[in-house]
Every structure is written in C-alpha cells, then in structure tokens.
Amino acid sequence: MPGIWIYSEDSAVARQLLTAGLELKQAMHQAVAVLTLSSEDAPAFIAAGADKVYVVKGNNPWPESYAKAVADIVVKEEAQVVLVGGTLRGKDLAATVAATLKAGLVTDALSISYVNDAIETTRLVYGGLAVRTESVALPALVTIPARTFPEATAQGVGPGEVVTVETANADARVAITNVCPIVRHGADIAAADRVVCVGRGLNKKEDLALVEALAAAVGAEIGCTRGISEDYHWLPNDRYIGISGQKVKPELYIGMGISGQVQHVVGVRDSKVIVAIDTNEKAPIFEAADYGIVGDLYEVVPLLTKALQK
Ligand SMILES: Cc1cc2nc3c(=O)[nH]c(=O)nc-3n(C[C@H](O)[C@H](O)[C@H](O)COP(=O)(O)OP(=O)(O)OC[C@H]3O[C@@H](n4cnc5c(N)ncnc54)[C@H](O)[C@@H]3O)c2cc1C
C-alpha cells in the first residue's frame with residue numbers, strides 16, 4: 001500500500017512533487033503513488049519512479065467533482081503523506097482531503113523531510129521575513145508551490161502499476177454552469193527563464209519602451225512591482241511579482257527602479273541571477289542582488305540594451 005501520495009492537476013507540477021515524494025520514499029521506506037486525471041500521463045510517472053499511478057476518471061476536472069473521490073482513495077489506502085501541487089485547485093482539494101482524513105495540512109511548503117516519525121516542513125511567514133519550520137504528525141497533507149522542486153525524470157525503473165478509479169462518489173451538488181478563462185497577456189511570467197522587471201523608478205508609461213527594448217535584447221518576459229500594475233495600471237495584473245502576485249524562478253532577473261521591499265523580493269528570491277539597477281545605493285534590492293548597478297535607469301538601461309544587442 002503506498003504511503004506517499006502525490007496529486008496535481010498540472011502534470012509538470014506533479015512530476016516536481018514526485019521528486020519530493022521519492023526523497024521521502026528513501027527516508028520512510030514507503031511506496032509512492034501518483035493520482036492523476038489523465039491516463040496519458042501515467043507512463044511518464046511510472047518511468048520517473050512512481051510505484052503506482054491512480055487515474056481518476058470523472059465527468060469534469062473541477063475539484064468539487066472529484067475531491068471526495070480522492071479523499072476516499074487516500075483514506076482507504078491509509079496514506080501517510082499527501083503532497084498536493086500548490087495551485088488554487090490543489091489547495092481547494094488539499095483542504096477537503098485534510099478535513100476528510102482529519103489530518104494536519106501545511107500550505108506552501110518550500111522543503112519537506114521525514115524527521116522523528118513526522119513530516120517536517122519549512123515555509124515563509126510574515127510576508128517572507130522569516131522561515132518557519134513545522135512538524136506535522138502523520139497522516140499529513142502538504143501543498144507545495146510550482147517549481148519548488150525540479151521535475152523527476154525518467155529513471156527506467158519499473159514496472160509500476162496503473163489503476164483506474166471511477167469517481168462514483170463524485171459530489172453531484174456542484175454543477176459548473178459557465179467557465180471564464182483568465183485572459184493572459186503574453187507568456188506565463190512564472191515559467192519564464194528570463195525576466196526584466198520594472199518598478200516605480202519609471203517616470204511614465206511611455207518609458208516602458210526602454211524596458212521592452214532590454215527585454216527584447218535578452219529574450220525576457222516583462223514583470224513589474226505591484227504599484228506599476230495595481231496603482232498605475234501600466235501593465236496587467238498578471239505581470240506583477242511578489243507575495244500577492246506571481247512567483248518567478250528565472251535563470252536571470254533584471255530589476256530596475258525597484259526598491260526591493262520584502263513583498264516584492266519574496267517573489268524573485270529563487271531567481272538564479274539577480275541584477276538590480278537603482279539610483280539609491282542603500283535600496284534593499286541590492287541585498288538580494290548578485291550584481292548591482294547604482295545609477296539612473298534612464299542612463300543605464302539604454303547602454304545595457306545596446307551592449308546586449310551586439
Ligand atoms: C500586503 C502587501 C502585499 C504586497 N504585495 C506586493 C507584491 O506582491 N509585489 C510588489 O511588488 N509589491 C507588493 N507590495 C508593495 C510593496 O510593499 C512595495 O511598496 C512595492 O514593492 C514597492 O514598489 P517599487 O519598488 O516599484 O517602488 P518604490 O518602493 O517606490 O521604489 C522605487 C525605486 O526606484 C528607485 N528609482 C527612482 N528613480 C530611479 C531612476 N531614474 N533610476 C533607477 N532607480 C530609480 C528609487 O530609488 C526606489 O528604490 C505589497 C504591500 C503590502 C502591504
């Protein structure tokens with residue numbers, strides 16, 4: 001019976017959780033099962049190390065319809081740990097399953113380990129100012145944000161088993177009458193490899209042309225601080241980065257005219273290389289930066305763009 005369970009409606013996130021699940025497997029000596037809504041994804045999970053894949057068949061992909069069925073499976077199989085992708089739907093599902101299991105639930109864990117017969121997690125608190133370590137007795141549910149772990153890759157292990165589960169216990173009280181997709185402007189910034197980000201050091205909307213030119217030169221998506229989108233409305237809301245916006249994890253983040261308040265930095269701190277441009281040498285962004293340029297963005301950015309275009 002698998003003790004470690006993984007679920008995300010996003011198969012890339014599920015493969016990331018599988019990495020965490022396989023680490024727990026080493027420590028807990030328990031098998032790992034992946035729950036998925038797509039039978040097509042099952043072979044990839046098996047190849048990446050899952051011992052068992054449960055394909056949940058349902059009428060629609062909304063958590064309300066299958067959360068009860070998922071809860072029933074993990075209760076029946078006596079799951080010890082359930083790792084859930086920290087998406088909106090994932091958190092919805094995790095809360096339902098935790099209530100059914102009467103289990104503890106930690107959200108937005110950044111690390112997870114098995115210590116003294118319990119699950120130990122870390123996560124950011126106080127707007128990213130501190131890291132809290134928590135210990136949760138088994139059985140435990142943990143939601144993990146996308147891109148916290150690298151995706152598990154094919155290991156050639158097997159054989160693994162695929163089980164199909166009909167959602168006979170689907171909750172019929174909820175009916176979806178209409179779906180309005182979120183309108184995205186450009187690519188998904190959370191998945192971008194390079195991000196050029198602008199803050200309130202920019203004087204006017206027309207000057208975004210400077211940012212666009214640098215972004216084009218380095219092949220980056222454009223992000224911003226909250227004020228640029230929510231107060232000034234110069235960029236759409238899905239472009240702002242931080243604790244209440246998007247979390248990014250690019251190879252390269254270039255921030256300009258950004259003071260570096262913790263509510264913004266918490267969304268960029270996992271970037272591989274952080275470059276900051278600001279006139280104020282004491283701006284907190286420089287504490288988070290690998291490379292800092294103290295200067296006026298109106299002078300620095302055109303020079304940088306020109307140099308990088310060559
Ligand atoms: C509950 C809560 C949640 C929040 N969530 C978020 C969030 O998710 N994301 C977010 O971004 N913010 C968030 N904020 C707001 C956050 O606290 C900061 O106010 C915000 O990040 C500051 O944005 P900024 O750096 O663009 O502006 P400022 O703090 O005003 O900084 C502007 C910077 O530009 C520099 N500058 C000025 N002129 C130039 C120039 N010509 N060249 C170069 N540099 C120049 C200045 O020196 C300064 O450092 C949140 C706040 C709260 C209370």
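The values are calculated or read from the model by the stated rules, or taken from the named source; none is laboratory data. Just so it is clear, the model here is predicted, and its values are computed rather than measured. Note that we place each Cβ from the backbone using ideal geometry, even for glycine, and neighbour counts take in every protein chain shown. Heads up: the accessible areas ignore ligands, DNA and RNA and are worked out on the full protein's heavy atoms, side chains in. Shrake-Rupley method; radii C 1.70, N 1.55, O 1.52, S 1.80 Å.
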Problem - Residues that are buried (at least 22 other Cβ atoms within 10 Å of the Cβ) and either away from the ligand (no atom under 14 Å from the Cβ) or part of a loop (DSSP other than H, G, I, E, B) (or both), drawn from segment 275-310 - result: A283, A289
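Can you give me the ranges of the strands (runs of 3 or more DSSP E) entirely in segment 33-146 with at least 1 residues that are within 26 Å of V262 (Cα to Cα)?
Hits in segment 33-146: 81-85, 104-106, 111-115, 118-125, 130-137, 140-144.
Within segment 220-240, is even one residue in contact (Cβ under 8 Å) with a residue 60 or more places away in the chain, at negative phi and surrounded by 13 or more Cβ atoms within 10 Å (Cβ to Cβ)?
No, there is no match, as no residue in segment 220-240 is in contact (Cβ under 8 Å) with a residue 60 or more places away in the chain, at negative phi and surrounded by 13 or more Cβ atoms within 10 Å (Cβ to Cβ).
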Exercise for the section: Please list, ordered by first then second residue, the pairs with beta carbon atoms under 9 Å, 6 or more apart or interchain, first in segment 162-190 and modelled with pLDDT under 75, second assigned to a loop (DSSP other than H, G, I, E, B) and open to solvent by 60 Å² or more (accessible area, probe 1.4 Å). Expected result: T167/N59; A170/N59
Exercise for the section: Please verify whether segment 164-174 includes one or more residues that are within 16 Å of the ligand (Cβ to nearest atom) and surrounded by 11 or more Cβ atoms within 10 Å (Cβ to Cβ). Expected result: no
Exercise for the section: For segment 24-42, enumerate the residues that are open to solvent by less than 30 Å² (accessible area, probe 1.4 Å) and within 21 Å of E78 (Cα to Cα). Expected result: L24, M28, V32, A33, V34, L35, T36
Practice task
Collect the residues in segment 117-160 that are among the polar types (S, T, N, Q) and at pLDDT 95 or above, keeping them in residue-number order.
Solution key: T121, T122, T133, S135, T143
Exercise for the section: Check G257 against each of (1) within 8 Å of the ligand (Cβ to nearest atom); (2) more than 12 Å from C224 (Cα to Cα); (3) buried (at least 16 other Cβ atoms within 10 Å of the Cβ) and name the one condition it does not meet. Expected result: (2)
Problem - Matching residues, segment 215-252, being away from the ligand (no atom under 13 Å from the Cβ) and in contact with a strand residue (DSSP E or B) (Cβ under 8 Å, 6 or more places away or on another chain) - result: A215, V218, G219, A220, E221, I222, P250, E251, L252
Problem - Yes/no for D270 being within 16 Å of the chain's Cα centre (by Cα), more than 8 Å from the ligand (Cβ to nearest atom) and surrounded by fewer than 18 Cβ atoms within 10 Å (Cβ to Cβ) - result: yes
